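None of the figures in this text is laboratory data; all of them are computed from the coordinates on show. It should be emphasised that the depicted structure is a prediction, and the values quoted were computed from it without experimental measurement. Virtual Cβ from ideal backbone geometry, glycine too; neighbours counted across all protein chains shown.
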Amino acid sequence: MDIPRQIASPQAPAASGPLSLSRRGMLGVSGAFVMGLALAACGRETPGVAVNPLTDVKGGDATPSLWIAIEPSGAVKITCHRSEMGQQVWTAMAQIVADELEADWSQVEIVQALGDPKYGDQNTDGSRSVRFNFHRLRVAGAAMRSMLEEAAARRWRVDRSGVRADLGKVIHAASGRVLGYGELAEAADRLPIPAEADLQIKPREAWRYIGKEVASLTVPKIIRGQGTYGIDVQRPGLLYAVVARPPQLFGRTGAVDEAPALAVPGVERVIRLPDLEPPAVFKPLGGVAIVGRDTWAAIQGRAALKVDWVDGPNADYDSAAFETMLMDVVRQPGETRRSRGDVDAALAAAAKRVSAEYYAPHLAQSPMEPPSATAEWTDDKLECWACVQDPQATRATLAGFLQIPLENIKVNATWLGGAFGRKSKPDFVIEAALIAKEMQRPVKVTWTREDDLRHGYFHSVSAQRLEAGLAADGACTAYLHRTAFPPIVATFNNTVDSPSDGEMGLGATDVPFAVPHLRVESGRAPAHVRIGWLRSVANIYHSFAVQSFAAEMAHAAGRDQKDYLLELIGPARVLDPNAEGAAYANYDAPKEDYPIETGRLSRVVEIVAEMAGWGRTLPKGRGLGIAAHRSFVSYVATVVEVAVSADGVISIPHVWLAVDAGTVVNPRHVRAQMEGGTIYGLSNALYGQITAKAGAIEQGNFPDWRLMRMAEAPLAFDVHVVDSTSPPGGVGEPGTPPAAPALANAIFNATGVRIRRLPILGPNADRLTQRRNA
Amino acid sequence: MAITLMINREARAVDAAPGTPLLWVLRDHLGLTGTKFGCGIAQCGACTVHVDQVPVRACVTPHDALEGQSITTIEGLAGPQADAIRAAWEAADVPQCGYCQAGQIMSAEALLRSNPAPTDADIDVAMNGNLCRCATYVSIRGAIKAAAGKL
C-alpha cells in the first residue's frame with residue numbers, strides 16, 4: 001500500500017510546514033478563536049516571543065488553532081480533516097479533542113476540513129484516523145485548555161495554579177469566579193502556545209469522553225434526512241451528467257452518434273472525453289459525457305447514445321480462463337517472501353501431508369452512495385465537492401491532470417455514503433472538472449450502480465495454495481503458503497505483476513504461526529482491470545485461505561479447530577517477520593509501539609470461544625467455525641454459527657467477535673464497525689463475485705451483484721471489546737478478514753463441506769450445492 | 001408542462017419531462033435530497049418514500065402518475081411511529097454512513113403503522129428490500145423492536 005499512497009499524493013509536502021498567514025485567512029471567521037499564526041510568524045523576528053512549539057509533535061501539527069475554533073457564544077468548532085464515511089470519525093476526533101479541551105460536549109460542532117497539506121495525512125483509509133491523530137489531537141486540546149486557563153488567570157490577576165478548566169468554563173475556586181470559554185477565547189488567542197512538555201495531558205482515569213459511549217454527531221442529522229453526501233451537492237445553475245465509458249480498461253471511444261442522445265428531452269450536450277492512457281492511476285476512464293438538466297435526462301440520453309467502442313489491450317480478459325491460469329501459477333514455485341527453517345525437507349519428512357488450494361474472485365466495494373462529484377469553475381479557479389476519502393490526493397490529481405496550480409483548486413470533502421476504498425480514487429472528480437469546464441457551468445457527475453460495478457477499482461482476484469507437514473502427533477512441522485493475485489501497484493504502473501511487500505504483509509508474510517519450518521511465496525499475475533483497495537484489502541483472501549487451512553490441518557490431525565489454532569499461534573511472543581526475510585510494513589506503524597504480539601491474538605481466540613460456548617453440542621446441521629486475524633494492528637477473533645437445512649439453505653443465527661484494538665475512543669462505535677465489517681465479509685463470501693468476459697465486467701446491478709439483506713443477516717451479534725491500554729489500533733477494517741474463514745469453517749463443521757472457492761453461493765443460488773469432501 | 005405534487009403536506013409545482021421518476025424530481029428539481037439514489041431499479045430501497053402512506057420506490061415511480069396523491073419523504077416524515085423510530089435509531093446509533101437510512105426509516109415506519117409488534121419474520125419481510133452496505137441490519141432489527149416497545 002505504500003507505493004500507491006506516494007503516487008496518490010505526489011505534491012503533498014511534509015506534514016507540518018511553517019505556519020503562514022493563509023491559515024489565519026482560512027479559520028479567521030468573525031469572532032473565531034484564531035491564534036498562533038501571527039505569533040509564530042513574528043516570533044522569528046521578535047526576541048523574547050517563542051515560536052509555535054507544537055508544529056511537529058508525534059503525529060504532526062498540533063497547533064490548537066488548526067483544530068479548534070471557539071466562538072464568543074462558547075461554541076467549540078473542531079476541524080475534522082478525515083472523511084466521515086460511517087466509521088464515526090467526526091465523533092471520534094471530537095471526543096479526543098474535547099476531552100483534553102474540557103469542552104462541554106453539547107457545544108461541540110464539527111467543521112469538515114478542505115483538502116490541504118497543512119493538516120498532514122488526510123487519506124482516510126488503512127484504518128488509521130485515530131491511530132495517526134490520537135496523540136496530536138490530545139496535545140492540541142490540552143494546549144488550548146492551558147491557554148484558556150492562562151487567559152482567565154491574567155484577567156482575574158490570580159495565580160495560574162488556582163484556576164482550572166471544567167466543561168467549557170474556567171473556574172477560580174478560591175473566589176468562585178467563572179468565565180466561559182467564549183469570553184476567554186479572544187484573550188487566549190494572544191497568548192503564546194505552550195510547549196508539549198509544559199502541558200498537563202490528562203491521565204486515562206480522568207478521561208471524560210475518550211473510551212466512553214458518546215453518541216454519534218452525525219446520527220441526529222441522518223435520521224432527519226439532513227447532511228450532505230457527495231451526490232446531494234447543489235449549486236446555482238447546476239447541470240447533471242453521466243458518462244458512457246469504454247467497457248474495457250484502456251478501451252477507446254470510436255465513432256459517436258450523438259443525435260439520438262440530444263433528442264432526449266432535457267439533454268443539453270454530449271461531450272467526448274479523452275481516452276485513458278496507461279497507467280490508470282486516478283485518471284478518468286474516457287468515454288462520452290451526457291449533460292442534462294436533471295440526472296434522469298442524462299441517463300436517458302446515455303441510453304440513446306450510439307458509440308462504437310474500440311478494443312484495447314484487455315479485450316481478451318476472461319475470468320474463467322484467468323482462474324485456470326492463476327491456479328496454475330500457485331502450483332509452481334514462486335518468489336520467496338519469508339522463510340524460516342527448511343520447509344522442503346520438513347515436508348518430505350512429515351508423517352502426514354495436507355494441501356489445499358483456494359480461489360477468491362474480484363469484488364466491488366459498492367458503497368450505497370455511488371461515486372458522485374460536483375465541479376465549478378470561476379475563471380481559472382476550480383472548486384469541487386465530492387465524496388472522497390482523500391481530498392489532498394483529489395486536489396493533486398486534479399492539478400496534475402488539468403495542468404493548473406494546486407492553489408487554484410479547492411476540494412470539499414462531503415459526507416461519504418460508504419466508501420470501503422472506492423472513494424480513495426478520485427477519477428470521478430476529474431470527470432466532473434472536465435465536463436464543468438466544457439459547459440462553463442457547475443456540473444454534477446453521478447455514477448449509476450451499473451457504472452460503479454462495471455468501471456470500478458476492483459478487489460483483486462486471487463489463487464492460493466497451502467501445504468503442511470504434520471508430525472505423528474498431529475503438530476504442524478512445515479507450512480508453505482503460495483499466493484498470486486494481480487497487485488494494486490499495477491494500477492499505478494501497469495508493467496508490475498508481482499505483489500508488493502505491503503500486500504504480502506496483509507495476512508501472508510505476517511502469518512503468526514509458531515511452526516519450525518515456514519515459507520511464504522508469491523506468484524506473478526497481470527492486472528486487466530483497475531485493482532484497488534477494498535475494506536481490509538489482501539487480508540480478505542489471505543485470511544480466508546490461511547484460517548481455512550488451519551482448520552483443515554486440525555481436521556487432518558483429528559483435533560479441535562480452536563485448540564489447534566491456539567497451538568499454531570503458539571506461545572505469547574513478539575513476532576518480527578523481517579527477521580525471516582520479509583519486508584513487513586506493519587501498516588506504517590512503528591514496531592516499537594505496535595509489535596505483533598501473538599499473545600493478544602490467542603487471547604481474543606480464547607475470549608470469543610468462551611462467548612460462543614465453543615465445544616458445546618449442536619443440533620444436526622448446525623456448526624460453529626472460528627477464525628482469528630491481526631490486521632491494521634488490531635486483533636480480532638470471530639465465531640460464526642451456521643445452520644444448514646437438509647436441502648442446503650444456509651442461515652447464520654449468531655456471530656460472536658472479540659477485538660483487541662488497544663485503546664478505543666468509542667466502544668459503541670467499535671462494536672458497530674466489527675458488526676458491519678464482519679457482515680461485509682460474510683456478504684462477499686456468500687454472494688460476491690465480479691467477473692469479466694471479453695474484457696468487460698459482467699455484473700451491472702444488485703440482482704447480479706448480490707448483497708446480504710435483512711433476512712440473511714445474522715440474527716444475533718455479540719462483540720466484546722478488550723479493555724486495553726495499548727496504543728489505539730484500527731477498527732474500520734479488522735472485522736472483515738476473519739468473517740469468511742469463520743463462516744467456511746462453520747459450514748464444514750455443520751455439513752462436512754469444505755469451501756475452497758468463493759463465493760459460496762453466488763448471486764443466484766440459495767442452497768449449498770457443493771458436495772461433502774471425501 | 002408543470003404539474004402540482006403534494007409533497008410533505010405542501011403543494012409543489014414541478015416541470016420535469018413526462019415519465020421522470022419521482023426520485024429525480026425530488027432530488028434535482030425540488031432540492032429534497034434526503035431521498036437517495038442507490039440502484040435505479042427498485043432493488044436497494046434507498047429511495048423509499050410514502051405515497052398515500054404506502055412505501056414505494058421513488059426511482060421507478062413516474063412523478064406524473066402521482067398527481068392528487070400525498071407524498072412523504074424523510075424530511076417530512078412525522079407522527080408517533082416516526083418519533084419512536086427516530087428515538088430508537090438515535091439511542092442505539094443505528095446508522096453508520098447513513099446513506100440508506102432514510103429508506104430504512106421509511107420502511108420501518110410503515111411497518112410499525114401496520115404492525116405495532118412485529119416479529120423477526122415480520123421485520124425480515126418488511127425490511128428485506130432495503131440494502132445496507134455498512135450492514136447495520138442487527139441494529140435496525142433491535143431498534144425496530146425498541147421503537148415498537150415504546151408505542
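Of the listed pairs A:K444/B:K36; A:K58/A:K118; A:K221/A:K425, which have alpha-carbon separations greater than 23 Å here? A:K221/A:K425, as the Cα separations exceed 23 Å there. Here r is the Cβ-Cβ distance between A:K352 and A:T725 and R0 is 45 Å; the resulting FRET efficiency, rounded to 0.05, is 0.55.
Extent of the stretch B:80-150 along its three principal axes (Cα atoms, max minus min coordinate, largest first): 27, 23, 17 Å. Note on the stretch A:173-261: semi-axes of the ellipsoid equivalent to its C-alpha gyration tensor, largest first and rounded to whole Å, are 55, 20, 19.
Measuring r between the beta carbons of A:K693 and A:K437 and using R0 = 35 Å, the FRET efficiency lands at 0.50. How large is the translational diffusion coefficient of the stretch A:704-774 in µm² per second when you combine the Kirkwood radius over alpha carbon pairs with Stokes-Einstein at 10 °C and 1.306 mPa s? Rounded to a whole number, D works out at 106 µm²/s. The simple Förster model, with R0 at 30 Å and r as the Cβ-Cβ distance, assigns A:E277 and A:T378 a FRET efficiency of 0.55.
Each part gets one Cα centre, and for the stretch B:11-27 versus the stretch A:525-555 those centres are 46 Å apart. Per-residue extension of 0.36 nm, minus the Cα-Cα distance of B:A65 and B:K145, leaves a gain of 25.3 nm for this segment. The ranking of A:T663, A:T448, A:T324, A:T617 from fewest to most other beta carbons within 10 Å of each one's beta carbon is A:T617, A:T324, A:T663, A:T448. For the pair A:V649 and A:A195, the difference between a 0.36 nm per residue extended length and the Cα-Cα distance amounts to 157.2 nm. Only DSSP H runs of four or more residues enter the estimate; each adds -39500 (n - 2.57), and after division by the residues of chain A the mean residue ellipticity at 222 nm equals -8500 deg cm²/dmol.
Need one number: convex hull volume per residue for chain A, Cα atoms only, in Å³.
164 Å³
Maximal additional length on extending the A:N764-A:I404 stretch stands at 124.8 nm, based on 0.36 nm per residue less the C-alpha distance.
Take the Cα of B:D120, step 7 Å toward its Cβ, do the same at B:D83, and the gap between the two points is 3.2 nm. Look at the alpha carbon pairs under 8 Å that are at least 6 residues apart: their mean separation over the length of chain A gives a relative contact order of 13 percent.
Working from label points 7 Å from Cα in the Cα-to-Cβ sense, the A:R573 to A:S339 distance is 2.0 nm.
Please tell me the relative contact order of the stretch A:564-616 in percent, rounded to the nearest whole number, where contacts are Cα pairs under 8 Å and at least six residues apart.
Taking the mean separation of contacting Cα pairs over the length of the stretch A:564-616, I get 44 percent.
Pull up the DSSP beta bridges for chain A and report the antiparallel fraction as a percent, rounded to 5. Looking only at bridges with both residues in chain A, the antiparallel portion is about 75 percent.
Using only alpha carbon pairs under 8 Å that are at least six residues apart, calculate the relative contact order of chain B and give it in whole percent.
Numbers: 261 pairs, mean separation 36.5, N = 151.
Relative contact order comes out at 24 percent.
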